[in-house]
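Novice: Following this message is one structure expressed as C-alpha cells.
The values are calculated or read from the model by the stated rules, or taken from the named source; none is laboratory data. What you see is a predicted model, and the numbers here were worked out from it, not measured in a lab. Using ideal geometry, Cβ is built from the backbone for each residue, glycine included, and neighbour counts are taken over all protein chains shown.
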Amino acid sequence: MGGLEMKIYLTRHGQTQWNIEKRLQGWGGDSPLTEKGIIDAKLLRDRLEDMDIDIIYSSTSGRAITTAEIIRGGEKDIEIVMNEALKEMDIGSWQGRTLEEIRRSNLQEYHNYWHAPPIYIWESMVEKTSIRYKKSYYLNRQYNP
C-alpha cells in the first residue's frame, strides 16, 4: 500500500513554577515556565531540528504556547494552532492549591483524582453544572420575570 505516512509527536509543556511547588494548574492556572522548562523546550527543539513538522497544535494556556513557540524556533515557518479543547481539565477550587493542602482538606476526592478520575470528574462536573444552572436560572428570572 503506497499511502501517505503521518507522524504525530506529543509533548508536554515545560516545567513551571507551580510544578516545582506541587500546585495544581488545571484549566485556569497559568504559571510561567521555569528556566529549566525553557531549557528543556530548547533541547527538544534541537532534537526535532531535522524533522519535517508541518503544524504544531497547542492548548491556549500560556505555558503550552510558550513551549510550542520555543519548539518551533525563530527560523521555521510552522503554524501554531491553538485549541482550547487541548487544555487540562478544570479542577475548580483546587486551582493553585498544593497537593498537600488538597489531600488534607478532602482525602476522598484527592484519592479519586489520582486513582479513580471518572469519579472525581463526575463530582466536579455535577458541582459546576449546578452552579451554572443556578446562574442561568437567576439571569432568566431577572430578565424574564
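Novice: Any residue in the range 95-122 that is touching a residue at least 24 places away in the same chain (Cβ under 8 Å) sitting within a Cβ distance under 6 Å of a residue that is not in a helix (DSSP H, G or I)? List the pairs, counting only those 6 or more apart or interchain.
Specialist: Pairs that qualify, where the first residue is touching a residue at least 24 places away in the same chain (Cβ under 8 Å) and the partner is not in a helix (DSSP H, G or I), are Gln95/Gly26; Gln95/Gly28; Gln95/Gly29; Gly96/Arg23; Gly96/Gly29; Thr98/Lys22; Thr98/Arg23; Leu99/Lys22.
Novice: Against the definition (surrounded by 11 or more Cβ atoms within 10 Å (Cβ to Cβ), modelled with pLDDT of 85 or more and under 17 Å from Trp27 (Cβ atoms)), how does Arg97 come out, yes or no?
Specialist: Details: surrounded by 11 or more Cβ atoms within 10 Å (Cβ to Cβ): yes; modelled with pLDDT of 85 or more: yes; under 17 Å from Trp27 (Cβ atoms): yes.
Yes, satisfied.
Novice: Quick check on my filter: what residues within the range 10-62 are part of a loop (DSSP other than H, G, I, E, B), farther than 22 Å from Tyr110 by Cα and in contact with a helix residue (DSSP H, G or I) (Cβ under 9 Å, 6 or more places away or on another chain)?
Specialist: Of the range 10-62, the ones part of a loop (DSSP other than H, G, I, E, B) are 10-15, 22, 24-32, 34, 48-54, 59-61.
Now restrict to residues that are farther than 22 Å from Tyr110 by Cα: 10-15, 32, 34, 48-54, 59-61.
Scanning the range 10-62 gives Thr11, Arg12, His13, Gly14, Gln15, Pro32, Thr34, Leu48, Ile53, Ser59, Thr60, Ser61.
Novice: I need the full set of residues from the range 27-37 which are modelled with pLDDT under 95, farther than 9 Å from Ser61 by Cβ and either buried (at least 16 other Cβ atoms within 10 Å of the Cβ) or in contact with a Phe, Trp or Tyr (Cβ under 6 Å, 6 or more places away or on another chain) (or both), in order please.
Specialist: The answer is Ser31, and nothing else.
Novice: Check Lys87 against each of (1) among the basic types (Lys, Arg); (2) surrounded by 14 or more Cβ atoms within 10 Å (Cβ to Cβ); (3) modelled with pLDDT of 90 or more and name the one condition it does not meet.
Specialist: Here Lys87 clears every test but (3).
Novice: Return yes or no: is Glu21 assigned by TED's automatic domain parsing to the domain that holds Ser61, surrounded by fewer than 11 Cβ atoms within 10 Å (Cβ to Cβ) and of a type in the set (Asp, Glu)? Steps first, please.
Specialist: On the way: assigned by TED's automatic domain parsing to the domain that holds Ser61: yes; surrounded by fewer than 11 Cβ atoms within 10 Å (Cβ to Cβ): no; of a type in the set (Asp, Glu): yes.
For Glu21, the condition - assigned by TED's automatic domain parsing to the domain that holds Ser61, surrounded by fewer than 11 Cβ atoms within 10 Å (Cβ to Cβ) and of a type in the set (Asp, Glu) - is not met.
Novice: Here's another thing I want to ask about it. So Thr16 fits all but one of (1) out of contact with any Pro (no Cβ under 7 Å at 6 or more places or on another chain); (2) touching a residue at least 40 places away in the same chain (Cβ under 8 Å); what number is the exception?
Specialist: (1)
Novice: Ile70: within 18 Å of the chain's Cα centre (by Cα), at pLDDT below 90 and of a type in the set (A, V, I, L, M), yes or no? Walk me through it before giving the result.
Specialist: On the way: within 18 Å of the chain's Cα centre (by Cα): yes; at pLDDT below 90: no; of a type in the set (A, V, I, L, M): yes.
The answer is no for Ile70.
Novice: Further question: Across the range 1-38, what is the total count of residues that are over 20 Å from the mean Cα position of the chain (by Cα) and not basic (Lys, Arg)? I'd like the intermediate steps shown before the answer.
Specialist: Within the range 1-38, the subset over 20 Å from the mean Cα position of the chain (by Cα) is 1-7.
Within this subset, residues satisfying the condition of being not basic (Lys, Arg) are 1-6.
So the count comes out to 6.
Novice: Is at least one residue of the range 121-134 over 16 Å from the mean Cα position of the chain (by Cα), under 27 Å from Ile20 (Cα atoms), at pLDDT 85 or above and not β-branched (Val, Ile, Thr)? Let's see the steps before the verdict.
Specialist: We begin by selecting, within the range 121-134, every residue over 16 Å from the mean Cα position of the chain (by Cα); these are 122-134.
Now drop any that are not under 27 Å from Ile20 (Cα atoms), which leaves 124.
If we keep only those that are at pLDDT 85 or above too, we end up with none.
Checked the range 121-134: no residue is over 16 Å from the mean Cα position of the chain (by Cα), under 27 Å from Ile20 (Cα atoms), at pLDDT 85 or above and not β-branched (Val, Ile, Thr).
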